[in-house]
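Working notes, beginning with the structure itself.
The values are calculated or read from the model by the stated rules, or taken from the named source; none is laboratory data. Computed from a predicted model, the values in this text were never measured in an experiment. With ideal geometry, Cβ positions are generated from the backbone for all residues, glycine too; neighbour counts draw on all protein chains shown.
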Amino acid sequence: MEYTILILALPVLSFLILGLAGMYMKHRVAGLIGTLSLTGVTFLSYLTAYEYFTAPRTAEGVFETLMPWNFQWLPFNTSLHIDMGILLDPISVMMLVVISTVSLMVHIYSFGYMKGEVGFQRYYAFLSLFSFSMLGLVLATNIFQMYVFWELVGVSSYLLIGFYYTKPEAIAASKKAFIVTRFADLGFLIGILIYGFYMGTFTFTPEQEQLMKCGMLLPLALGLMFIGGAGKSAMFPLHIWLPDAMEGPTPVSALIHAATMVVAGVYLVARMFPLFIGYAPETLHLVAYVGAFTAFYAASVACAQSDIKRVLAFSTISQIGFMMVALGVCTTADPHEGGLGYMAGMFHLFTHAMFKALLFLGAGCIIHAVHSNEMSTMGGLRKYMPITHITFLIACLAIAGIPPFSGFFSKDEILTACFQFSPVMGWIMTIIAGMTAFYMFRLYYGIFWGTENKELHKHHTPHESPLSMTFPLMVLAAITIVCGWILPFGHFISANGHAYDIHLNTQVAVTSIVVALIAIALATWMYARDKQPVADMLAKRFATLHRAAYKRFYMDEIWLFVTHKIIFRCISTPLAWFDRHVIDQFMNFMAWSTNASGEAAQPIQNGKIQSYTMWFLGGIIVLSIILLLN
Amino acid sequence: MEIHVIHYLVISTIMMFCGIYGFFTRKNLLALLISVELMLNATNINFAVFNRYLFPGQLEGHFFTLFGIAIAAAETAVAIAIIINVYRNVKQILTDDITDLKG
């Protein structure tokens with residue numbers, strides 16, 4: 001499996017070529033270079049997945065963990081060293097497939113979406129950089145390599161959100177995303193340092209005696225790492241950057257802020273899962289509670305947003321909350337006995353990446369057609385954009401959890417795992433799943449049904465996007481339709497690595513379908529008609545609530561208040577004053593006194609030999625007196 | 001009156017301090033040179049005197065005196081050459097006024 005190094009080498013190569021020589025290239029050449037390298041990566045990823053999952057299992061019945069590449073990068077002492085390498089195990093191989101598929105689709109899609117944009121080559125260079133970083137993150141052999149690539153995806157996300165760098169909102173959004181995630185990464189870094197310091201290793205699978213050395217600090221270290229994961233995966237209250245990140249180009253939102261980078265936090269928890277389950281189950285359940293609250297919060301906000309990308313952003317936050325819950329409700333590593341959530345979370349990660357990328361790319365087609373993000377400018381688009389309409393509907397059905405689409409299967413497993421953990425959690429998540437179906441169909445009807453905006457369409461009739469944009473939609477829709485029931489996901493990935501047959505829990509499945517259907521019916525009743533009297537009436541009656549949800553329950557304002565009014569005013573300003581008036585002044589005094597003593601000593605060195613000899617004589621006389629007195 | 005070593009030393013001390021005084025006070029390079037010669041010759045006298053009175057029959061002190069005279073001659077030649085060149089360039093041999101090379 002040594003060829004896996006090419007999976008990392010190809011994108012970095014195309015990033016260097018496009019970054020250094022991109023401006024001398026035609027748009028099409030630059031796009032082709034990026035897309036071809038990603039095609040290579042995709043091919044190699046599929047080959048890796050095929051070879052890995054068809055290889056015989058070990059005697060314990062699990063897939064072997066391979067490290068085709070691993071070299072020592074920074075040795076600290078004999079046991080503590082930072083390595084760089086490639087780790088192949090079920091979840092990293094699964095992530096390879098997800099990332100390369102979505103990334104390739106986005107590369108193809110961007111041909112149409114970004115056509116004629118200034119900085120087309122730069123865009124493809126950044127996409128390559130992002131693909132490289134994300135692949136490096138999932139292939140990391142140790143926690144520190146993961147951290148290095150973790151920061152790299154943060155940088156590429158920053159660069160791509162701020163792609164339209166002449167737009168002030170885009171710049172603000174990119175800065176916000178970078179600062180918030182970087183702030184969260186501080187927790188991750190401290191967690192890694194505690195882990196490395198007490199354990200004496202950075203590997204994911206420490207020895208028993210190393211674990212003993214860490215002891216009580218391991219849950220703390222894992223909890224701090226989860227803060228980093230929560231920042232990247234937009235968990236409440238660190239979610240504020242993700243909705244704003246929608247200022248970036250829509251394919252970027254599909255790739256980074258829906259399918260790959262934002263699930264890095266889920267991947268991190270899954271990666272540390274054996275340690276969580278073995279030594280810090282309370283921390284793991286904390287993950288579940290954070291995830292559940294985030295899922296609920298984001299779902300309720302999504303019901304009131306009017307910008308279609310914001311709705312999708314909050315739906316992403318909510319779905320990542322589902323994945324976190326799935327991981328968090330695990331109580332053992334046995335999928336038959338309370339360890340189902342691990343498989344369910346990973347499965348949902350896989351299916352969600354596909355249908356959420358599809359939703360975002362579909363939203364990109366719509367924005368391309370009507371040149372606006374606002375739902376009010378849309379309506380009645382289904383007859384103009386048939387392919388987008390059908391694929392969007394498929395994705396909506398998938399996320400709502402309607403069989404036989406992929407989302408149903410993964411969400412059903414999550415709900416089953418939740419019911420195993422506690423019925424309360426199960427019912428809460430079922431209701432949130434119903435809310436998901438409701439706001440997704442509100443979005444769907446708002447875009448494709450309802451009143452057509454005649455005034456807007458007078459000048460410019462919306463039209464279906466070119467093939468380069470609809471082709472990825474069709475591919476992702478096909479995956480969304482089949483991957484739920486055709487893919488024996490539990491055979492590949494489960495909490496303890498043994499093959500697990502996914503079987504639907506009839507009671508849970510029926511409940512969730514019924515809830516989803518009720519929610520869809522409600523959305524149809526409220527939003528499918530030309531006029532929406534019920535929705536308007538509700539918005540008017542619960543004006544405060546509606547306004548609060550529209551304003552995302554004032555989370556941004558609260559953060560602004562905390563940072564500006566409390567941190568800046570009460571901590572930063574006095575610190576700045578102290579720095580300016582005490583530390584700087586002390587340094588100025590040091591410089592001034594050196595200068596002044598130099599000035600004072602200068603007249604002695606006047607260049608006159610006779611005055612020097614006078615000093616010399618004086619010195620001799622003094623010395624003689626001293627000698628005489630002794 | 002018998003001449004003792006002390007008498008020679010008084011003369012050489014007077015010469016020495018005349019030289020030092022001249023070196024400190026004079027501004028003319030030639031006067032400085034003369035002062036330096038006075039100091040040198042004061043030491044030469046000391047060498048000769050101590051040899052003559054303390055170690056009669058030995059010659060080291062006398063040789064040092066001879067070396068001193070030779071070095072003084074060479075030094076004077078070099079110093080006068082420099083002074084002449086300085087004079088040619090700046091038309092001036094007063095130390096306070098020769099400041100062209102000062103930073």
Can you run down the residue pairs with Cβ atoms below 8 Å, 6 or more apart or on separate chains, where the first is in the range A:72-84 and outside any loop (DSSP other than H, G, I, E, B) and modelled with pLDDT of 85 or more and the partner is surrounded by fewer than 16 Cβ atoms within 10 Å (Cβ to Cβ) and of a type in the set (A, V, I, L, M)?
A:HIS81/A:LEU74; A:ILE82/A:LEU74
Selected residue (criterion: farthest from B:LYS27 (Cα to Cα)) from residues of the range B:69-91 that are touching an Asp or Glu at 6+ places or on another chain (Cβ under 8 Å) and touching a residue at least 12 places away in the same chain (Cβ under 8 Å):
B:ALA72
Right, A:ALA304: on the phi < 0 side of the Ramachandran plot and surrounded by 24 or more Cβ atoms within 10 Å (Cβ to Cβ) or not?
no
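Give the residue, chosen from A:ILE192, A:ILE171, that is part of a helix (DSSP H, G or I) and free of Cβ contacts under 8 Å to residues at least 12 places away in the same chain.
It is A:ILE171.
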When restricted to A:GLY338, A:GLY278, the only residue surrounded by fewer than 24 Cβ atoms within 10 Å (Cβ to Cβ) and on the phi > 0 side of the Ramachandran plot is A:GLY338
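Yes or no, residue by residue, for (1) in a helix (DSSP H, G or I); (2) buried (at least 20 other Cβ atoms within 10 Å of the Cβ); (3) modelled with pLDDT of 90 or more; (4) of a type outside the set (S, T, N, Q):
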residue	(1), (2), (3), (4)
A:ILE390	yes, no, yes, yes
A:ALA398	yes, yes, yes, yes
A:ILE432	yes, yes, yes, yes
A:ILE447	yes, yes, no, yes
A:THR451	no, no, no, no
A:LEU456	yes, no, no, yes
Please state which one of B:LEU59, B:LEU66, B:LEU94 is in contact (Cβ under 8 Å) with a residue 12 or more places away in the chain and surrounded by 10 or more Cβ atoms within 10 Å (Cβ to Cβ).
B:LEU94
When you go through (1) touching a residue at least 60 places away in the same chain (Cβ under 8 Å); (2) touching a helix residue (DSSP H, G or I) at 6+ places or on another chain (Cβ under 7 Å) one by one for A:ALA140, which number turns out not to apply?
(1)
Residue count, the range B:15-30 (criterion: without any contact (Cβ under 8 Å) to a residue 24 or more places away in the chain and either within 14 Å of A:ILE609 (Cα to Cα) or exposed (fewer than 15 other Cβ atoms within 10 Å of the Cβ) (or both))
8
Filter the range B:40-56 for residues that are hydrophobic (A, V, I, L, M, F, W, C) and surrounded by fewer than 17 Cβ atoms within 10 Å (Cβ to Cβ); which is farthest from the other protein chains (Cβ to nearest Cβ)?
B:PHE55
Residue tally, condition in a helix (DSSP H, G or I), among the acidic types (Asp, Glu) and within 14 Å of another protein chain (Cβ to nearest Cβ), over the range B:65-103:
2
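Restricting the range B:1-39 to residues that are of a type in the set (D, E, K, R) and within 14 Å of chain A (Cβ to nearest Cβ), which is farthest from B:GLN92 (Cα to Cα)?
Looking at the filtered set, the residue picked out is B:ARG26.
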Looking at the range A:224-245 only, could you name the residues that are among the small types (Gly, Ala, Ser) and assigned to a loop (DSSP other than H, G, I, E, B)?
A:SER233, A:ALA234
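Which of the residues belonging to the range A:496-535 are part of a loop (DSSP other than H, G, I, E, B) and of a type in the set (Phe, Trp, Tyr)? Walk me through how you get there before you give the answer.
So the first thing to find is which residues in the range A:496-535 are part of a loop (DSSP other than H, G, I, E, B), and the list is A:496-505, A:528-532.
The one that is part of a loop (DSSP other than H, G, I, E, B) and of a type in the set (Phe, Trp, Tyr): A:TYR500.
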The number of residues in the range A:569-608 that are surrounded by 10 or more Cβ atoms within 10 Å (Cβ to Cβ), within 14 Å of chain B (Cβ to nearest Cβ) and assigned to a helix (DSSP H, G or I) is 0
